[in-house]
Amino acid sequence: MVPQAGLEIDRISKRYGDVVALSDMTFEVRPGELFGFVGSNGAGKTTTMRIALGVLAADSGTVRWAGEPITLSTRRRFGYMPEERGLYPKMKVLDQLVYMARLHGLETNAAHRAAEDWIARLGLRERRSDEVQKLSLGNQQRVQLAAALVHDPEVLVLDEPFSGLDPVAVDVMSQVLKEKTASGIPVLFSSHQLDLVQRLCDRVGIINKGKMVACDTVDALRSGATAELVVHAPQ
Ligand code: ATP
């Protein structure tokens, strides 16, 4: 059953020493929504995502999933694709994905089935026995996406998933994200590629210096007073 409430980021603030990374960041990624997060380097996107996932503590504010504050066990049900590659370079593709699935609680046979499914789905069959470090950057990105999806997460948070991808991989990734949202999963992703964000997203949040400065559908942002922000957001 698809929950009524999505991933709610409620008045999150965060400092790193003297640097104010986020102040009162508030938005919701609704069930079945593809939400694009744009902003210049250092705007606070990664910090927001890491707090949303529960891997970084906020100074104040709350994150809820399906109406409940997130906990350690909620985190296991999230899928995360970090901006920096979070893969083990010397591990083979299949082993990497089985390991990630096991880490998220799947038993061995189910982990193998899920890993093989995503390897096939993302066009990695010929690479399944290669070490991750031997793969092209685009293929490493596919493995990273598979690692985020292999345990069938309830929420997806993807930090710059499209960076460095060739057009075929962009299409594969876009299709996967659309399917996930069609099944009711909220997907939050950050990107510097405005054309992609505009083409794919149900809604877009524009963040500047740790604050959400606009949050709406692409059409509303284009036609409204915030159009200038969209035009001038980073490529
Ligand atoms: P990018 O697009 O470059 O990844 P971002 O929008 O994801 O940037 P964050 O990485 O969240 O932005 O950074 C927000 C602010 O917090 C920046 O000023 C950054 O320098 C600072 N910051 C991030 N992580 C740390 C840290 N571990 N220690 C100190 N300052 C940090």
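If r is the Cβ-Cβ distance from ALA220 to LYS178 and R0 is 22 Å, what FRET efficiency results, to the nearest 0.05?
The pair ALA220/LYS178 has a calculated efficiency of 0.60.
Spin-label point model (7 Å from Cα, Cβ direction): what's the SER129 to THR26 distance in nm?
Roughly 5.6 nm, to one decimal.
Roughly how many Å² of VAL218 are accessible to a 1.4 Å probe, to the nearest 10?
Solvent-accessible area, nearest 10 Å²: 20 Å².
Taking amide H atoms as placed 1.01 Å from N in the peptide plane, list the residues 5 or more away in sequence, or in a different chain, whose amide H sits under 5 Å from that of VAL155.
It is GLY79, by chain and number.
With a 1.4 Å probe and every protein chain left in place, tell me how much accessible area VAL55 has, in Å² to the nearest 10.
In the full protein context, VAL55 sits at about 60 Å².
If packing is taken as the average number of other Cβ atoms within 10 Å across a peptide's residues, how do 153-159, 72-78 rank, most packed first?
153-159, 72-78
I want to check the label-to-label distance for VAL213 and GLU68. Put each point 7 Å from Cα in the C-beta direction and report it in nm to one decimal.
According to this spin-label approximation, the distance is 3.8 nm.
Just the number, please: percent antiparallel of the DSSP beta bridges in the chain, rounded to the nearest 5.
Percent antiparallel among DSSP bridges in the chain is about 55.
Carbon and sulfur: what percent of the chain's accessible surface (1.4 Å probe)?
That fraction is 49 percent.
Is the C-alpha gyration tensor of the stretch 1-101 telling us rounded, prolate or oblate? Criteria: a/c under 1.5 is rounded; beyond that, a/b larger than b/c is prolate, otherwise oblate.
Cα axes put the stretch 1-101 in the oblate bin.
Can you give the FRET efficiency for THR108 and ALA57, using 1/(1 + (r/R0)^6), R0 = 35 Å, r = Cβ-Cβ distance, to the nearest 0.05?
That gives a FRET efficiency of 0.60.
If R₀ is 25 angstrom, what is the calculated FRET efficiency for the pair LYS92 and ARG199, using the beta carbon separation as r and rounding to 0.05?
The value I calculate is 0.15.
On average, how much accessible surface per residue is there in the chain, in Å², for a 1.4 Å probe, leaving out ligands, DNA and RNA?
48
Taking LYS14 as the anchor, which lysines have their alpha carbon closer than 21 Å to its alpha carbon, excluding any fewer than eight residues away along the same chain?
LYS45, LYS209, LYS211
Starting from 0.36 nm per residue, how many nanometres of slack lie between GLU84 and SER136 once their C-alpha separation is accounted for?
Computed gain between GLU84 and SER136 is 17.2 nm.
For the stretch 182-227, with equal point scatterers placed on the C-alpha atoms only and solvent neglected, what are the log10 I(q)/I(0) values from the Debye formula at q = 0.17, 0.19, 0.24 1/Å, to two decimals?
Summing over Cα pairs of the stretch 182-227 leads to -0.52, -0.64, -0.97.
Sort SER129, SER223 by heavy-atom solvent-accessible area, probe 1.4 angstrom, most to least.
The most accessible residue leads, giving SER223, SER129.
Note down the net charge around THR62, summing +1 for each Lys or Arg and -1 for each Asp or Glu among other residues with Cβ under 10 Å from its Cβ.
The answer is 0.
The values are calculated or read from the model by the stated rules, or taken from the named source; none is laboratory data. Keep in mind it's a predicted model, so treat the numbers as computed, not measured. Positions of Cβ are backbone-derived with ideal geometry, glycine not excepted, and every protein chain shown enters the neighbour counts. These accessible areas exclude ligands, DNA and RNA; they are computed on the full protein's heavy atoms, side chains included. Shrake-Rupley method; radii C 1.70, N 1.55, O 1.52, S 1.80 Å.
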